[in-house]
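The values are calculated or read from the model by the stated rules, or taken from the named source; none is laboratory data. Because the structure is predicted, anything quoted here is derived from the model rather than measured. Positions of Cβ are backbone-derived with ideal geometry, glycine not excepted, and every protein chain shown enters the neighbour counts.
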Amino acid sequence: MGALPAPRAANGGGPCHGGGSGGGLGPCRAAATMPECPELHLAGRFINGACGALVFAGGVERSAVGRGPEVPFRSEAYGISATARGKELRLTLSALDPAAGPPAQDLVFRFGMSGSFRLCPAAELPRHAHLRFLTRESPPRALCFVDPRRFGSWRLGDAWQPERGPCVVSEYQAFRENVLKNLEDRAFDKPICEVLLNQKYFNGIGNYLRAEILYRLKIPPFEKARTVLEALKEQEQERRKKDPSLTLSKKVKLRQESPDLLELCHSVPMEVIMAEKQLLDPEHPDNYSNFKNWLQCYLVPGMSSLRDRSGRTIWFQGEPGPMAPKGQRPRKAPRRKSPELKAEPEAPSPKVTPRAPKQRRRAAAKPPKLEEKEVKEEQEEQAGRPRKGRARGRRTASAAPASPEVPQRVRRSRRASARRGTGAAPAV
């Protein structure tokens, strides 16, 4: 998940938008989630609102480690606009004088785990600002693409990723039709919680949204996706047969009264977008608390969690469903802990013997700090695999009782005595 509108930077910089909690972003929602379609759409809204009246100048600066190409665009006066679609955001750089300036340049961004946009003084650039657009004013400001974890990226051109389907927010009807007409696809043989992350059909849905959507409909996360969606298709066909003359307004009213899964894939993200000020007012110190209170299932104390087959954690209530992974037992989030502290279950640290080096004992006592959603995704993919190497050996060694230590000088003396025949070395 990412940040919502414009939390202030710790260094006094301007607002930011997107995902991630690093680089002095302040207490924004990025502390809990990775960017999904609401965050991308709000990032586009932020850029259009904050930069719409600004004039940018010069070339585009890129850091040496940014995950994207150099941007071959330079103009003495240009503007920036943004458009979001699912989990992608497109920036368009347009010269203010098209006749004298270069052709418009498009860039398509993926935010990854921690991507965000920030507008700040050019003299106070945040860390991990991998792409920078400078204004012509004095002193200049910079619109920065900030990505502490470097899973985000950009590419030149205006094309969206071809494997992504229609956006659940901005292209709802096309999204709905794309799902219902392709239910024979083998992708729908999987559990519904896993299919909801398939961007070919659910472009924009991520981990926190899938949990909230399934929870509201009381759908077990490991129910077969085709079973859930075919029932939905049959209901829609029955509705049409009963009253083929339904007007659009009546259809909207019926869907609001009893929304189905595909409708919630649109309306739940829209709740976050429309309630932007209420959920995360940048001027309010409890902005993250507002979003945390909005959540009904994801990371909520008392809810259960399991890892799906791709290693991602799904939060739910009740039975997991018939396709739940074998060998796992649902884990309940403890009520005494806050959601921030229990973001993901940690793997147990290996035990060490009393003779282990101090550094190893400290590492066992204080395991590495967990990262957040797209960092979490990478870690979760590894979490289900058996440990390798020295950690396994340490666990085996720690289970065996340690024999008493014999000083080296005494051992030497016993061996010499045995060779001379003056005595036998006692058993140790």
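Before moving on, here are some points about what is shown:
- If only residues of segment 90-111 that are surrounded by fewer than 17 Cβ atoms within 10 Å (Cβ to Cβ) and outside any strand (DSSP E or B) are counted, the one that is nearest to the chain's Cα centre (by Cα) is Ala104.
- Among the residues examined, Arg186 qualifies as under 30 Å from Gly321 (Cα atoms) and more than 23 Å from the chain's Cα centre (by Cα).
- Segment 117-154, subset of a type in the set (D, E, K, R) and not in a loop (DSSP other than H, G, I, E, B), residue surrounded by the fewest Cβ atoms within 10 Å (Cβ to Cβ): Glu124
- So Glu319, is it acidic (Asp, Glu) and modelled with pLDDT of 60 or more: yes
- Ser114, sole failed condition from (1) hydroxyl-bearing (Ser, Thr, Tyr); (2) part of a strand (DSSP E or B); (3) over 19 Å from Trp160 (Cβ atoms); (4) within 25 Å of the chain's Cα centre (by Cα): (2)
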